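Colleague: The structure follows.
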Amino acid sequence: MGTHTVLLLFLFSNAYLSFSLSPSQPDSRALLAFKSKADLNNILQYHSSPNSTTLSFCHWQGVQCNHHKVTRLILQHLDLCGVFGPNTLSRLDQLRVLSLQNNSLTGPIPDLTSLYNLKSLFLHNNRFTGLLPPSLFSLHRLRTVDFSYNNFSGPISTGFINLDRLIYLRLSYNRFSGSVPPLNQSSLKTFDVSGNNLTGAIPVTLTLFRFEPSSFSSNPGLCGEIVHKECHPTAPFFSNTTSSSSPAAAETLSQSAQMHGGVNGLIRQPYSKKHTRKSVIIGLSTGIFVLIISLVFFVATVMKNRKKKRGSGLDDLNSDAMAKEEVAKVMQIEHERELEEKVKRVEVAKSGNLVFCAGEVHVYTVEQLMKGSAELLGRGNLGTTYKAVLDNRLIVTVKRLDALKMAAGANKEVFQRHMESVGGLRHPNLVPLRAYFQAKEERLIIYDYQPNGSLFSLIHGSRSSRARPLHWTSCLKIAEDVAQGLSYIHQAWRLVHGNLKSSNVLLGADFEACITDYCLTVLANPSSFDEGADSAAYRAPETRNPNHQPTPKSDVYAYGILLLELLTGKSPSELPFLAPGDMLSWVRSIRDDNVGEDNRMDMLLQVATTCSLTSPEQRPTMWQVLKMLQEIKQIVLLEDSDLELRTNVIP
């Protein structure tokens, strides 16, 4: 019995050892799965062997392990020919570094969610295609990403903004389109998006400032200060340009653009839509069905004729040529019909329905908007603003423009063109304009709702409490945020804000300053404005005449007044007209900063007084203002570092 027991133990231990040493290890299985998809030429000598040891896969080519887990996989310059298969390397949950550079891998990148420890990802010089995987932006430990010299397409996701440890990002020489995301990580040291199809204004952020124009080269559609290329509007506003639609279509649209109902009764009730949208959908479906039947009948006829003429090779060739010619004609007709239907759908969408900007997802309808509960937020020179709560719990801000205050030339087509331009602006320091609506005299603009109130409320507090000037560090942060947003507006198609004031600066979810009500004054009649003393104080001297339109330099003046309001806690109408030296003494007298912070506050005050100079020629551009603020931040960082060093020195 004892001998049998020893034998059983021996057999059991061997079986257990064989199991534990086999490539059933998860990491070895992942490597073998990757090889089966990516290594069609059998270059990697990975193999499953019953005699393999526990750590055998850790000695495979390019593999490095730590505690029996793969931490680095470096497979470079091997001419691997295949695909990066799903559910292969994504099982290496302890992987820190993955480099597949300089191979011939194709296809899309699979889901990478499980690689939560990944720090470096090198996939450059391959033939990868498709969109960037959304899972990439869940890997918050990523520091290095190189996807250059591939065939990736689609937009460069703003998800990169959330990778706050990113040091190195190269996406050059792919087929990316859309805009440059407003990256602002202080950690980012290397950045390159050259050789793509990117368009629009490069966002004004302190991080993107650091990079040379070569980082954005070979993107003909990019513009802005960084690449020294002026951005131009797609069409001039208030021109005599007519709509591209035919007169008959325009008349039809004019008749169909009836008034919809208001938010919680604020606007007139909805009109009967006469099933316009349903008719278009039914018509489109019927057209496609008829086209498909025609194609099937045509192909069947061609095949029948080809069978009859099978005896003659020449006849077959002629038949093929005729078939191709006929198919080409049919496809051309199909293409023209698709374009026609697309135009019809766009026109229907723009006649009394919500139009969503910049490719926004249609998450609600005008009917849902009108049925939502509304809360009055305020009245301004351009109209009335409401907080609307939709039935799906979504909260938006709705601005109803006052028809009596619109400029005479701001007709339907002009308003539409302007909203399409302004609706394309996207920056972290701008409240996004999501959609707009117009029907007859009714015009609504829908923004994201900002939960933390306005800068006006932050500075001046409630009526029951006496506000104190904000700490200079808060002033610097807010000043930078507003300057970022304004700089972006100015370089994007030469637009201007035209109505900057503390009540038009809102605080986002992270208390970042976000500008709202931007670029709307060009649609308004300035003579109809009923301004109070504070609003009038923001106006630059050269624009106080109603016949003079706002300019970038008048925005700079308003920014200077806003910064003085920020530093002093006083309303613009309470600010005295003093020489710069006297202004400095006056501001110091109403603040309680300690002596060590006086110099820092003085630098901000100098920016404010320079911006609010009477002569527009003497004022800086917003780009220059942003550089001034950047220099102040650098000086402060150096002073703080020096102070910390002196404090930590042991006598």
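Colleague: Considering only residues of region 179-200 that are among the β-branched types (Val, Ile, Thr) and buried (at least 18 other Cβ atoms within 10 Å of the Cβ), which is nearest to Ile161 (Cα to Cα)? It would help to see each step written out before you state the result.
Modeller: First pass over region 179-200, keeping only residues among the β-branched types (Val, Ile, Thr): 180, 190, 193, 199.
Now restrict to residues that are buried (at least 18 other Cβ atoms within 10 Å of the Cβ): 180, 193.
Working: Val180: 11, Val193: 15 Å.
Selected residue: Val180.
Colleague: If we keep just the residues of region 585-618 that are at pLDDT below 85, closer than 18 Å to Leu562 by Cβ and aliphatic (A, V, I, L, M), which is surrounded by the fewest Cβ atoms within 10 Å (Cβ to Cβ)?
Modeller: Checking each candidate, the answer is Ile590.
Colleague: Among (1) under 21 Å from Phe84 (Cβ atoms); (2) in a loop (DSSP other than H, G, I, E, B); (3) touching a helix residue (DSSP H, G or I) at 6+ places or on another chain (Cβ under 9 Å), which single condition is Ser148 missing?
Modeller: Tallying (1) under 21 Å from Phe84 (Cβ atoms); (2) in a loop (DSSP other than H, G, I, E, B); (3) touching a helix residue (DSSP H, G or I) at 6+ places or on another chain (Cβ under 9 Å), Ser148 fails exactly one: (3).
Colleague: Separate question: For region 355-395, enumerate the residues that are under 22 Å from Val422 (Cβ atoms), in contact with a Gly (Cβ under 6 Å, 6 or more places away or on another chain) and at pLDDT 85 or above.
Modeller: Thr385, Ala388, listed by residue number.
Colleague: Condition first: hydrophobic (A, V, I, L, M, F, W, C) and outside any loop (DSSP other than H, G, I, E, B). Now tell me which residues in region 53-106 satisfy that.
Modeller: Selection gives Phe57, Cys58, Val63, Cys65, Val70, Leu73, Ile74, Val83, Leu89, Val97, Leu98.
Colleague: Out of (1) outside any strand (DSSP E or B); (2) in contact (Cβ under 8 Å) with a residue 24 or more places away in the chain, what's the single condition that is false for Cys514?
Modeller: (1) is the only condition that Cys514 fails.
Colleague: Right, here's the next one. If you go through region 105-124 one residue at a time, do you hit one that is more than 27 Å from the chain's Cα centre (by Cα) and at pLDDT 90 or above? Break it down into steps so the answer makes sense when it comes.
Modeller: Within region 105-124, the first condition is being more than 27 Å from the chain's Cα centre (by Cα), and the residues that meet it are 105-106.
Within this subset, residues satisfying the condition of being at pLDDT 90 or above are 105-106.
Yes.
Colleague: Check off (1) part of a loop (DSSP other than H, G, I, E, B); (2) touching a helix residue (DSSP H, G or I) at 6+ places or on another chain (Cβ under 6 Å); (3) surrounded by fewer than 22 Cβ atoms within 10 Å (Cβ to Cβ) for Leu470 and give me the number that stays unchecked.
Modeller: (2)
Colleague: Here's a check for you: in region 173-205, which residue that is in contact with a strand residue (DSSP E or B) (Cβ under 9 Å, 6 or more places away or on another chain), β-branched (Val, Ile, Thr) and in contact (Cβ under 8 Å) with a residue 24 or more places away in the chain is nearest to Cys514 (Cα to Cα)?
Modeller: The residue in question is Val204.
Colleague: So which residues in region 410-441 are polar (S, T, N, Q), more than 14 Å from the chain's Cα centre (by Cα) and assigned to a loop (DSSP other than H, G, I, E, B), if there are any at all?
Modeller: Let us first name the residues in region 410-441 that are polar (S, T, N, Q), namely 411, 416, 421, 429, 438.
Checking which are more than 14 Å from the chain's Cα centre (by Cα) leaves us with 411, 416, 421, 438.
The answer is Asn411, and nothing else.
Colleague: Which members of region 150-178 meet the condition of being over 20 Å from the mean Cα position of the chain (by Cα) and either at pLDDT below 90 or buried (at least 19 other Cβ atoms within 10 Å of the Cβ) (or both)?
Modeller: Selection gives Asn150, Tyr173.
Colleague: Which one is nearest to Gly532 (Cα to Cα) among residues in region 566-589 that are among the hydrophobic types (A, V, I, L, M, F, W, C) and in contact (Cβ under 8 Å) with a residue 40 or more places away in the chain? Give the steps one after another, and end with the answer.
Modeller: Residues of region 566-589 among the hydrophobic types (A, V, I, L, M, F, W, C): 566-567, 575, 577-579, 583-584, 586-587.
Applying the additional criterion that residues be in contact (Cβ under 8 Å) with a residue 40 or more places away in the chain yields 566-567.
Values: Leu566: 19, Leu567: 22 Å.
Out of the qualifying residues, it is Leu566.
Colleague: Here's something else I'd like to know. Can you go through Ala509, Ala524, Ala483 and tell me which one is over 17 Å from the mean Cα position of the chain (by Cα) and either modelled with pLDDT under 90 or over 24 Å from Arg544 (Cα atoms) (or both)? Lay out the reasoning, then the answer.
Modeller: Values: Ala509 fails: over 17 Å from the mean Cα position of the chain (by Cα); Ala483 fails: either modelled with pLDDT under 90 or over 24 Å from Arg544 (Cα atoms) (or both).
Going through Ala509, Ala524, Ala483 in turn, just one is over 17 Å from the mean Cα position of the chain (by Cα) and either modelled with pLDDT under 90 or over 24 Å from Arg544 (Cα atoms) (or both): Ala524.
Colleague: Would a scan of region 161-171 turn up a residue that is assigned by TED's automatic domain parsing to the domain that holds Gln94 and closer than 20 Å to Thr106 by Cα? Reasoning before the result, please.
Modeller: The initial filter retains those residues of region 161-171 that are assigned by TED's automatic domain parsing to the domain that holds Gln94, namely 161-171.
From the residues that got through so far, the ones that are closer than 20 Å to Thr106 by Cα too are 170-171.
Within region 161-171 (the criterion being assigned by TED's automatic domain parsing to the domain that holds Gln94 and closer than 20 Å to Thr106 by Cα), the answer is yes, since at least one residue qualifies.
Colleague: Right, something else. Spot the failing condition for Lys189; the list is (1) within 30 Å of Gln94 (Cβ to Cβ); (2) in contact with a Ser or Thr (Cβ under 8 Å, 6 or more places away or on another chain), and only one is missed.
Modeller: (2)
Colleague: For region 469-501, how many residues meet the condition of being in contact (Cβ under 8 Å) with a residue 40 or more places away in the chain and hydroxyl-bearing (Ser, Thr, Tyr)?
Modeller: The total comes to 2.
Colleague: Restricting to region 188-210, what's the tally of residues that are part of a loop (DSSP other than H, G, I, E, B) and modelled with pLDDT of 90 or more?
Modeller: Filtering region 188-210 for residues part of a loop (DSSP other than H, G, I, E, B) gives 188-189, 193-196, 202-205, 210.
When the remaining residues are screened for being modelled with pLDDT of 90 or more, the result is 188-189, 193-196.
The number of residues fulfilling the criteria is 6.
Colleague: Ok, one more. Consider region 522-551. How many of its residues are surrounded by fewer than 22 Cβ atoms within 10 Å (Cβ to Cβ) and touching a residue at least 60 places away in the same chain (Cβ under 8 Å)?
Modeller: Here the count works out to 11.
The values are calculated or read from the model by the stated rules, or taken from the named source; none is laboratory data. Small disclaimer: the values here were computed from a predicted structure and weren't measured. Cβ coordinates were reconstructed from backbone atoms using ideal geometry, including for glycine residues, and neighbour counts include every protein chain displayed.
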